[in-house]
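Notes for the one structure printed next.
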Amino acid sequence: MARNMARTHHDDLNRFNELQGLTIPDLLRERARQYPFNLALSAQSFRGHRDRITFAQLEIRMEAVAQGLARRGVRKGDRVALFLSNDAVRECILTAVGCYRLAAIVAPMNVRASDEELGHALGLVQPSHIVTMQSGAERIGRLYPTAQLILLEGKQGEDGTWPEPEREFRQGLLPDVAASEDPSVLLLTSGTTARSKAVTHCHRSQLYTGYAIGGAIGLTDRDTYQGAWPIYTSSVLNLACMAAWVSGAGVVLEGASLNNAERLRLIETEGTTVYHGVTAPLHFMIEEYPNDGYDLRRVRRIGYGGAAMPREIIEKFSKRLPWADQVHIWAMTETGPAGSYLPPWFLPRKAGCIGIAQPGCAVQVVDDHGKPVADGEPGEIAFAGPSAALGYWRDPEATDQTFVDGWIRTGDIGMIDDEGHMHFLDRKKDIINRGGLKIASAAVEDVIYRFPGVAEAAVIAVPHPGLGEDIAACVVAAPGTTLDLDKIRAHCARYLADYETPRKWHVLDALPKNPMGKILKRDLRQQIIERM
C-alpha cells in the first residue's frame, strides 16, 4: 500500500485554527498585543543603519506607512512593485506590511535582472506604483514609464517620496479592507528553464506558509530567526517573515552586501537561535567559522534547502557546531513555499532525503494521471495545503496545468521509501533520455558529490547524434584541490550503471546560479554546448 502522506498532521492545532480567516494585519495586531516588546524585525535600511523593531512598533509603523501610501494614491488591488536590494530590506518590509493593510498587492522585483527580464516582469505585474531609489529611477522610467515612482531619497511629505513612518503617522485608523483570500503578493518564479511567471499568494496562503515552515523548523516565541534570503524571492515575505511572526519570533534579514565573516558576526550580535539558508552559501559560511573566534553558542538549529546538502557538509556542521541540530526543507514558490522536511533525528543517516510533509501540508507521489503510485515507484510530487498559491497572475492556462483538482503538480520527480519518507529524484525536465534509458541527473550528482574534493556538481543532457541525449558532468573543485577526472570516472563506475555514468566531463571555476543558489542548468547547458 502506498504511504503518500496525503493526510495532514499538525504541530499546533490551536495555532492552525487561530489563523483561519485572518489577514496579515490581523496577525500583527495580535502579536503586538501578546508580545509588545519582543523583537519582530531586524533589517538593514538604505541609510546604512540596522533597525530593530518590536511587535508593538511594527503595528504602528504598518499603520503609518499604509496612511502614507494611501495619500500617494495606493488603493485596494493596486500592485506596488519593489525595485530594491536587501540593503534597503527595512523599507521593503515596511512597504509590504503597509500594502497588506490597504489590501494592495506587493510585487518584489529582481534588481539584478536583465532589461528583458525586468521589462517582462513589470509588463506582467502592471504596477501602479514602484518603490525604488534614485539610482534605479532611470531604468524603471525607461522600461515601464506609466507607473508612479516612490523614491526612498527625497523630502519627506512629497508625493514621490517614500513614507517614512515616523513622519507619516496621523491619529485615527484606516478602515479594514483586506480579506483572507485577497491577493497580497506576486512572486516571480526563478525562470531557470523558461520566462518567469508571477505566483499569486493571498493573506491566507502567506500565513499558513508561516505555520508550516515555523512548525517544520521548530520556531517559538523565544527564537531569533536569521537567514540570507533575497527580497525578491518567496523566502523573505512568505517564508522568513511569516514563519517568525506566526510563531511570535523575531526575524533578522541580512543586507545584500554581507560577506560570510559579517554574516557570522551578525549571528553573534543578534543572538540568533535558528539560522536558515540555501546549501551553497551555508557551505562557504561554515568554512569561514573557525577563522575569527565567532561565538555561535546560541544557535540551536540550522535549516537549509534549495538543493540536497552533501553528507560531508552535514558532518562538517555537526563537528563545528555540535550543539546545533539540522533540518532539511523542501518547498517551492507555488506551495508557499511549504512542503516537506527532514527532522534532525534522521540526519545524517538519511542525507539527501526530503522527509515528511510539513505541518498542515499533504504530499503524495502520483503518475501522469494524478493517481498515487506504490512505495518505491517514481512519480511526480504533488502538494496540497492552505499555504498553496491562488495560481499564476494573468495566466489561466499555466494555472490550470499546475493547480489540478486541489493539488499542485510540482514538476519534481520523487518516491516514497519503505520508512514513509520522500526522496527527491530530479526535476521532470532534468531527466536525461539516453537512447531510451531514463537517468535522473540528481542521482548521478549525488554519487559525484561523494568524491573527495568536489565542491559543486551538475549533470546535464547534451545532444548526441545517435542516442539523442548523452550525459555531461560539470564539477567545481574545492579550494586548494585539483580533481583527477580519471579517478572520478572510476568512482562513478563503482556506484552507477554503465549507461548512467557521464561520458563527458568539464571542470569549471563556478556553476551559473540564481540568487537563491539554485544551479541554472539552462545556462550551463548552453555554455557546454557552445564548447562542443
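Annotations
- Cβ crowding within 10 Å, taken as a proxy for footprinting-reagent exposure, orders M415, M242, M309 from fewest neighbours to most as M415, M309, M242.
- For segment 24-178, the pair-distance distribution built from all alpha carbon pairs, in bins 10 Å wide starting at 0, is 11, 41, 35, 11, 1 percent.
- Cα-based shape type of segment 93-188, given that a ≥ b ≥ c are square roots of the gyration tensor eigenvalues and the cut on a/c is 1.5: oblate
- If you bin all the Cα-Cα distances of segment 435-531 at 5 Å, starting from zero, the percentages per bin are 2, 13, 26, 25, 21, 11, 3, 0.
- Those trypsin sites (Lys or Arg not before Pro) in segment 8-99 that DSSP places in a loop and that have at most 15 other beta carbons within 10 Å: R47, R75, K76
- Given charges at beta-carbon only (K, R positive; D, E negative), |dipole| of the chain in Debye: 420
- Entries of K316/K438; K197/K518; K319/K428 with Cα pairs more than 25 Å apart: K316/K438; K319/K428
- Summing Lys and Arg as +1 and Asp and Glu as -1 over all other residues whose Cβ lies under 13 Å from the Cβ of E334 gives a net charge of 0.
- Looking at segment 248-339, the trypsin sites (Lys or Arg not before Pro) that sit in a DSSP loop and have at most 12 other Cβ atoms within 10 Å of their own Cβ are R297.
- In percent, rounded to a whole number, the relative contact order of the chain is 13, using alpha-carbon pairs under 8 Å and six or more apart.
- Straightening the chain between L13 and R265 buys 87.1 nm, computed as 0.36 nm per residue apart minus the Cα-Cα spacing.
- Local charge for I53 was computed over the other residues whose Cβ lies under 14 Å away, with Lys and Arg +1 and Asp and Glu -1, and equals -2.
- Candidates per trypsin sites (Lys or Arg not before Pro) in segment 101-160, loop by DSSP, up to 14 other Cβ within 10 Å: R112, K155
- Taking every DSSP helix (H) stretch of at least 4 residues in the chain, weighting each as -39,500 (n - 2.57) and dividing the sum by the residue count yields a mean residue ellipticity at 222 nm of -9000 deg cm²/dmol.
- Cα centroid of segment 403-417 to Cα centroid of segment 213-237, whole Å: 24
- The residues neighbouring L253, those whose beta-carbon lies less than 13 Å from its own, together hold a net charge of -1 under the Lys/Arg +1, Asp/Glu -1 convention.
- When the alpha carbon coordinates of the chain are projected onto the principal axes, the ranges are 73, 50, 49 Å, largest first.
Bear in mind that the values in this text are calculations on the coordinates, not laboratory data. The model shown is predicted, which means the values in this text are computed figures rather than measured ones. Reconstructed Cβ throughout: ideal geometry from the backbone, glycine too, with neighbour counts over all protein chains shown.
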